[in-house]
1. Would you pick out the residues in region 211-227 that are in a helix (DSSP H, G or I), touching a helix residue (DSSP H, G or I) at 6+ places or on another chain (Cβ under 6 Å) and away from ligand 2 (no atom under 16 Å from the Cβ)?
2. Can you tell me how many residues in region 227-242 are of a type in the set (Val, Ile, Thr) and surrounded by fewer than 21 Cβ atoms within 10 Å (Cβ to Cβ)?
3. Which pairs turn up if I take residues in region 193-208 that are of a type outside the set (Lys, Arg) and look for partners that are open to solvent by 90 Å² or more (accessible area, probe 1.4 Å) and not in a helix (DSSP H, G or I) with beta carbon separation below 8 Å, at least 6 apart in sequence or on another chain?
4. Given 204, 236, which one is of a type in the set (A, V, I, L, M, F, W, C) and modelled with pLDDT of 95 or more?
5. Looking at region 110-119, which of the residues that are surrounded by 17 or more Cβ atoms within 10 Å (Cβ to Cβ) and under 14 Å from residue 17 (Cβ atoms) is farthest from ligand 2 (Cβ to nearest atom)?
6. Please go through region 121-144 and pick out each residue that is open to solvent by 40 Å² or more (accessible area, probe 1.4 Å) and of a type in the set (A, V, I, L, M).
7. Taking residue 130 and the conditions (1) more than 14 Å from ligand 1 (Cβ to nearest atom); (2) part of a strand (DSSP E or B); (3) not aromatic (Phe, Trp, Tyr), which numbered condition does it fall short on, given that it satisfies the others?
8. Within region 8-38, how many residues turn out to be near ligand 1 (Cβ under 7 Å from one of its atoms) and open to solvent by less than 10 Å² (accessible area, probe 1.4 Å)?
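The values are calculated or read from the model by the stated rules, or taken from the named source; none is laboratory data. All figures in this text were calculated on a predicted structure; none of them were measured in a lab. Every residue, glycine as well, gets a Cβ built from its backbone with ideal geometry; the counts of neighbours run over all protein chains shown. Note: accessible area is taken over every heavy atom of the protein model, side chains too, but ligands, DNA and RNA are not part of it. Shrake-Rupley method; radii C 1.70, N 1.55, O 1.52, S 1.80 Å.
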Amino acid sequence: MSLDKTNARIIVVGNEKGGSGKSTVAMHIAVALMKSGRRVATIDLDARQKSFTHYIENRRAWAARGGRDLETPSHICLDENDAATDDRARALTEAVDKLAPDHDFIVIDTPGHDGPVSRLAHSMADTLITPMNDSFVDFDVLGAVDPETFGVTGTSQYAQMVAEARNQRQRLNQAATDWIVLRNRLSSLGSRNKRMVGEGLQELSRRLDFRCIDGLAERVIFREFYPRGLTALDDLNETTLGTRPTMSHVTARLEIENLLDTMGLGVPTASNDDVGQARDRDAA
Ligand SMILES: Nc1ncnc2c1ncn2[C@@H]1O[C@H](COP(=O)(O)OP(=O)(O)OP(=O)(O)O)[C@@H](O)[C@H]1O
Ligand SMILES: [Mg+2]
């Protein structure tokens, strides 16, 4: 990546654990930023699954089908046919250089496994969002815990990769990556597991220099959004959604707005409602 990159902020959504919610979160961040009037581009590095690409294509098709007004980002999916790593790395650099001058944000979704191109993307991140399912199996890519005390005993492979990517930025005199770990698929009920994972993340956040937020609850609407390319940020009416909005939509929106607030991008969010209170109402 050229060092004179213009002012586009690069947001990378990464976790080498599969199924943690990366593509879902990437889509929600992109739509939230477009709704606030920002010029947003998106890049899909998961050229095999293409979930992010299909999510955006589904949105375009849903908008066209019903004459709905749904904003879509300028999107690039890195070509799977560029089998050679060097070619794919070059393609990512070129995509960023092409999109940066005309966009305020570039949101990059990465695959659920390690690889040189994903590493390169991590070194480009001004903000790195790591969604993490609320279990010690998912925690394991960040850190190890003692089986008796559940205290953190060490850091793991993904955390070490992020540390290397951050060091690389430092060597290039680029601003430090703001790393946010977002707990995903949280149960609405308190549990020992939820508390233990939360405590482990607090301890790791100090060691690894990330911020941790209680991101998204487990909600069936996140799975239903995909075929229509919708997000919790879209107009909560029957025409847009194709179904009647529920309390779950409202609370999910607050959770995403809370994420945007935490990211500190200067994006005004519509609601001042408290996420915790909304979750309690939703679960009641
Ligand atoms: N908060 C949530 N509540 C319920 N389902 C969710 C939530 N977040 C994500 N999901 C669902 O979990 C599955 C995995 O999500 P997603 O595809 O976004 O993860 P990913 O990290 O991109 O996966 P991969 O590593 O395979 O690319 C999807 O079926 C998605 O709809
Ligand atoms: Mg994905």
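1. Scanning region 211-227 gives a single hit, 221.
2. Residues in region 227-242 being of a type in the set (Val, Ile, Thr) and surrounded by fewer than 21 Cβ atoms within 10 Å (Cβ to Cβ): 2 in total.
3. Close Cβ pairs (under 8 Å, with a partner that is open to solvent by 90 Å² or more (accessible area, probe 1.4 Å) and not in a helix (DSSP H, G or I)) amount to 205/211.
4. 204
5. Top of the filtered list is 118.
6. Matches in region 121-144: 137 only.
7. Of the numbered conditions (1) more than 14 Å from ligand 1 (Cβ to nearest atom); (2) part of a strand (DSSP E or B); (3) not aromatic (Phe, Trp, Tyr), the odd one out for residue 130 is (1).
8. The total comes to 3.
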